[in-house]
């Protein structure tokens with residue numbers, strides 16, 4: 001890797017892997033050890049994915065003259081298709097290698113045939129791993145490689161693929177970068193974010209099986225010195241973009257793109273993980289000789305979860321349970337042995353249905369000798385930060401001077417009883433995680449070591465804390481409660497939140513309580529709504545770019561009605577009330593959708609801008625020509641975010657008539673907005689009924705009409721008879737009166 005370093009390559013196996021349907025594989029290293037005789041012990045675990053029987057793995061071998069020993073232990077199948085069809089399986093093998101000390105790096109290669117049938121027609125595959133054997137000046141130990149893996153079989157409908165997150169954890173805290181390998185055939189319309197190790201689509205991805213070969217590399221975040229067994233050393237500068245990685249591991253996997261499905265909403269057909277499931281990238285802890293358990297729960301309202309696919313270590317067991325509400329859960333159990341001590345074990349899992357699967361979620365399990373101290377903490381959550389208070393009494397013997405957050409630039413304070421911290425959602429190392437039904441912001445309090453310390457006698461500390469908020473959309477149709485706050489995070493704006501409320505009057509101070517949802521309204525009644533933004537930045541302005549109504553909570557429903565579009569008012573009854581820079585208050589007359597709909601949801605697209613910027617979307621206001629909108633890069637502003645409120649529940653017709661009789665509301669048919677409730681089409685067979693159709697198909701109506709006409713005729717005859725009789729009597733009275741006179 002540097003001048004004078006000798007790079008050793010381990011060449012391919014002499015045989016070809018017996019697995020004829022290779023689905024992919026991964027390799028993970030335990031921290032290398034320097035032995036008393038001066039040699040290095042490198043232990044690694046190889047996982048291989050395939051079809052039917054995976055126990056006949058290919059193997060890495062060591063080049064003659066490099067290893068003094070190379071012991072491959074048993075290979076065990078760790079998971080397989082539970083349907084009995086043998087569609088996929090995974091196995092794990094364990095190898096221990098002893099390496100000569102006059103080397104500065106160590107490299108592995110493997111190859112085989114054949115990839116599962118794929119759209120690119122790729123057959124042969126190669127695997128590769130390379131690690132530096134220098135001792136790091138920041139940890140006084142050899143470098144640890146990135147940890148990664150995938151489940152055996154990945155499936156996603158064509159119209160539902162948006163992103164795929166890889167596990168990319170580095171035990172040393174180094175930055176991990178991902179890239180397509182030089183020998184990989186990059187599938188069309190896929191792109192890889194090298195920083196986040198996320199696979200995304202740049203267009204429509206093709207139906208069929210795609211194969212991926214990705215290199216994960218680690219780079220220290222600060223300057224370090226690497227010292228080798230031969231006495232040489234190398235300075236590694238974090239700012240040098242041309243510096244080589246300390247370790248490279250290759251990840252291979254296949255992904256089947258399925259035909260499109262009607263609905264891609266998470267939790268509808270595709271299973272969605274629930275908040276009881278660990279977050280992607282979580283680091284969990286296991287103790288040698290003690291049972292470790294991981295619990296995951298998923299839900300699909302319109303599909304049955306039949307199993308969980310798992311990528312885990314040998315001897316990990318799973319127990320599956322489901323219920324009648326579309327929920328299912330799995331419990332993974334594993335008891336690490338002494339040989340697993342200090343191992344970083346990747347565990348990935350997906351919830352499976354016959355048609356598709358959930359997103360893949362992965363964690364890392366760290367094996368330790370004794371339990372890590374867990375303190376008792378209380379957390380208070382607000383829209384853009386969380387406040388944690390840790391009880392000192394729950395951690396006897398802990399030195400509070402050696403505690404930190406993920407980011408050392410954020411400090412902790414203390415008093416006689418508690419250790420406290422105020423943590424922003426966008427700083428201090430806080431991570432954001434989509435947990436299916438919740439958005440979670442996480443951080444942790446950790447113990448740390450000084451670079452100059454050779455030995456320590458302090459206990460290790462790890463206290464996780466988090467805040468979670470309901471997701472902004474994708475709420476199931478039966479959910480009829482008041483929507484909660486919306487929280488978002490962007491690199492240039494930090495964390496910011498929105499509240500969307502319905503108010504009882506135009507003062508916008510008395511909001512409708514959550515228990516009063518759905519909010520009952522009557523046609524033409526004034527509805528008062530308000531959006532409030534909260535941000536860490538002081539000089540911001542809220543802009544509402546659009547608001548539209550839908551008959552359910554799906555903002556993409558094709559049946560919709562625009563209140564505001566491109567910043568322009570569309571509804572003639574809409575009135576915007578004056579408010580401050582971070583508020584938007586408006587009123588609109590209540591309406592309902594034509595047809596069998598009695599609820600209305602309002603969804604608005606909102607943007608935060610730097611106040612006073614002449615180029616921002618906020619400054620542009622109403623744009624009747626959307627093509628004139630300036631690029632976001634010209635000013636500091638957020639992307640559009642959607643907030644939803646509702647439902648507005650319209651009272652039944654009987655109740656409405658009673659209200660009219662009591663003079664609560666005056667309703668004129670001509671006042672109903674024509675764009676929302678158009679008159680029925682008397683000529684359309686799909687719209688309202690015409691008079692002719694009603695009379696031809698409803699006999700009772702015809703009879704009633706005939707009776708009504710007959711009644712009118714009889715009434716006219718009676719009135720005429722009485723009128724003539726009265727006239728005759730009056731005339732008679734006048735004649736009699738005349739005779740008397």
Exercise. Looking at this structure, is residue 266 within 27 Å of residue 49 (Cβ to Cβ), modelled with pLDDT under 90 and part of a loop (DSSP other than H, G, I, E, B)?
Worked result: yes
For this session: Can you confirm whether region 210-233 contains a residue that is farther than 28 Å from residue 41 by Cβ and modelled with pLDDT under 90?
Result: no
Exercise. Which is closer than 30 Å to residue 32 by Cα, at pLDDT below 80, surrounded by fewer than 18 Cβ atoms within 10 Å (Cβ to Cβ) and not assigned by TED's automatic domain parsing to the domain that holds residue 532, of 371, 339, 333, 382?
Worked result: 371
For this session: Scan region 25-39 and give yes if some residue there is without any contact (Cβ under 8 Å) to a residue 60 or more places away in the chain and surrounded by fewer than 22 Cβ atoms within 10 Å (Cβ to Cβ), otherwise no.
Result: yes
For this session: Would you point out the residue of region 49-68, among those that are farther than 24 Å from residue 342 by Cβ and part of a strand (DSSP E or B), that is nearest to the chain's Cα centre (by Cα)?
Result: 49
Problem set entry | Residues that are over 30 Å from residue 268 (Cα atoms) and not in a loop (DSSP other than H, G, I, E, B), drawn from region 116-159 | 125, 126, 127, 128, 129, 130, 131, 132, 135, 136, 142, 147
For this session: Would you point out the residue of region 612-633, among those that are loosely packed, with under 12 Cβ neighbours inside 10 Å and not in a loop (DSSP other than H, G, I, E, B), that is modelled with the highest pLDDT?
Result: 626
Exercise. Hey, among 257, 306, which residue is touching a helix residue (DSSP H, G or I) at 6+ places or on another chain (Cβ under 8 Å), within 24 Å of residue 90 (Cβ to Cβ) and in contact (Cβ under 8 Å) with a residue 40 or more places away in the chain?
Worked result: 257
Exercise. Is it the case that some residue within region 506-518 is in contact (Cβ under 8 Å) with a residue 40 or more places away in the chain, over 19 Å from residue 647 (Cβ atoms), touching a strand residue (DSSP E or B) at 6+ places or on another chain (Cβ under 8 Å) and buried (at least 18 other Cβ atoms within 10 Å of the Cβ)?
Worked result: yes
Exercise. Which one of the conditions (1) in contact with a strand residue (DSSP E or B) (Cβ under 9 Å, 6 or more places away or on another chain); (2) within 19 Å of residue 264 (Cα to Cα); (3) free of Cβ contacts under 8 Å to residues at least 60 places away in the same chain does residue 361 fail to meet, given that it meets all the rest?
Worked result: (3)
Exercise. Can you pull out the residues in region 69-115 that are surrounded by fewer than 18 Cβ atoms within 10 Å (Cβ to Cβ), at negative phi and not in a strand (DSSP E or B)?
Worked result: 81, 82, 83, 85, 87, 100, 101, 102, 113, 114
For this session: Please enumerate the residues belonging to region 236-251 that are surrounded by fewer than 23 Cβ atoms within 10 Å (Cβ to Cβ) and in contact (Cβ under 8 Å) with a residue 40 or more places away in the chain.
Result: 244, 248
For this session: Say whether the condition of being touching a strand residue (DSSP E or B) at 6+ places or on another chain (Cβ under 8 Å) and farther than 26 Å from residue 343 by Cα is met by at least one residue in region 247-255.
Result: yes
For this session: May I ask you to list the residues in region 252-267 that are under 15 Å from the mean Cα position of the chain (by Cα) and either surrounded by fewer than 19 Cβ atoms within 10 Å (Cβ to Cβ) or at positive phi (or both)?
Result: 264, 265, 267
Exercise. Are any residues in region 173-189 surrounded by fewer than 20 Cβ atoms within 10 Å (Cβ to Cβ) and in a strand (DSSP E or B), and if so, which ones?
Worked result: 175, 177, 179, 180
Exercise. Can you tell which of 239, 275, 279, 254 is outside any strand (DSSP E or B) and closer than 26 Å to residue 180 by Cβ?
Worked result: 239
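The values are calculated or read from the model by the stated rules, or taken from the named source; none is laboratory data. Worth saying up front: this structure is predicted, and the values here are computed from it rather than measured. A quick note on method: Cβ atoms are made from the backbone with ideal geometry, for glycine too, and the neighbour counts reach across all protein chains shown.
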